[in-house]
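Right, one structure below, let's go through it.
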Amino acid sequence: MSATAGRRIGVLGGMGPAATVDFYAKLIEETPAGRDQDHLPVVIWADPRVPDRSASLLGGAADPTPWLRSGIEALKQAGCDLLAVPCNTAHAFVPALAAEAGMRLVSIVDVTAETIASSGVRVVGLLATNGTVRTGLYAEALAERGVAVIEPDPGDQQLVVNVIASVKAGRVGPVDARALTAVARRLAARGAEQVVAACTELVLAMNEGDLGPPVVDPARLLARRMVEIVTLAHCAPRQLPAGSRLG
């Protein structure tokens, strides 16, 4: 296959570092390559100094916009024309910055919402940062496509936030997987057909087979979509039946 098709992917990463590594691994896995030269040209800008996106949205941290703008500009200067941001909460900031830089943002939120809606699922549970939940990033994108969102109750939301913090601190363990399993099953009991791991750290703490409801991995879906765009795939993005595990 032609690896480049004239496109170069820019990855705005570092939010957090482990999630960036996970996304790049998935990008490699999703690429139908038989040799080094078949893989996609990718430039990764990983700046973990970006202020906490969720805390900023909630009024408790500095505005991350200057850091995000700097990273996008660096990717633009490196010749990238497609932008992937494997941080869900950052999508409260990056669309305007990508447009400002003249780069095409492939939104992890939109890709995930489109894939869920096309699968026939109509109710999902949401596991995400407080900032993503409060700003309605996923609730709005999914509602536009006819999918309802169930959010964790306050106690369960705190469990999710704690797991995200554990991954970022590099100390994730079995207790974190058990916490996510409990939250996911309670969301399923309330009617969720699938659970969206709408923070890229969360899949790093999950034992997916134990969760109960099927899990949607936005990072996997974003990686898959980037490959489809760059390689000009001859078929439409995969449409999975309700109940399938997406990634």
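Against the list (1) under 19 Å from the mean Cα position of the chain (by Cα); (2) modelled with pLDDT under 95, the condition ALA165 fails is (2). Counting the residues of segment 111-120 that are under 15 Å from ASP217 (Cα atoms) and either in contact with a Pro (Cβ under 9 Å, 6 or more places away or on another chain) or not assigned by TED's automatic domain parsing to the domain that holds LEU180 (or both) gives 5. Remark: LEU27 falls outside the filter, which requires a residue to be surrounded by 22 or more Cβ atoms within 10 Å (Cβ to Cβ), in contact with a Gly (Cβ under 8 Å, 6 or more places away or on another chain) and at pLDDT 95 or above.
Taking the criterion of being more than 17 Å from THR129 (Cα to Cα) and among the small types (Gly, Ala, Ser), the residues of segment 66-106 that qualify are SER70, GLY71, ALA74, ALA78, GLY79, ALA84, ALA96, ALA98, ALA99, ALA101, GLY102. The set of residues in segment 162-176 being part of a helix (DSSP H, G or I) and within 17 Å of LEU211 (Cα to Cα) consists of VAL163, ILE164, PRO174, VAL175, ASP176.
Residues in segment 62-85: is at least one in a loop (DSSP other than H, G, I, E, B), under 30 Å from LEU232 (Cα atoms) and in contact with an Asp or Glu (Cβ under 8 Å, 6 or more places away or on another chain)? No, segment 62-85 has no match at all. Among the candidates VAL175, VAL133, VAL147, VAL160, the residue that is out of contact with any helix residue (DSSP H, G or I) (no Cβ under 8 Å at 6 or more places or on another chain) and either buried (at least 19 other Cβ atoms within 10 Å of the Cβ) or among the aliphatic types (A, V, I, L, M) (or both) is uniquely VAL175. Within segment 196-243, the set of residues being more than 13 Å from the chain's Cα centre (by Cα) and at pLDDT 90 or above comprises ALA205, MET206, PRO213, PRO214, VAL227, GLU228, ILE229, VAL230.
Of all residues in segment 117-138, those satisfying the criterion of being among the small types (Gly, Ala, Ser), over 14 Å from the mean Cα position of the chain (by Cα) and assigned to a loop (DSSP other than H, G, I, E, B) are SER119, GLY120, GLY136.
The values are calculated or read from the model by the stated rules, or taken from the named source; none is laboratory data. The shown structure was predicted, so the numbers you read here are calculated from the model rather than taken from an experiment. Don't worry about glycine lacking a Cβ; one is built from the backbone with ideal geometry, like all the others, and counts go over all protein chains shown.
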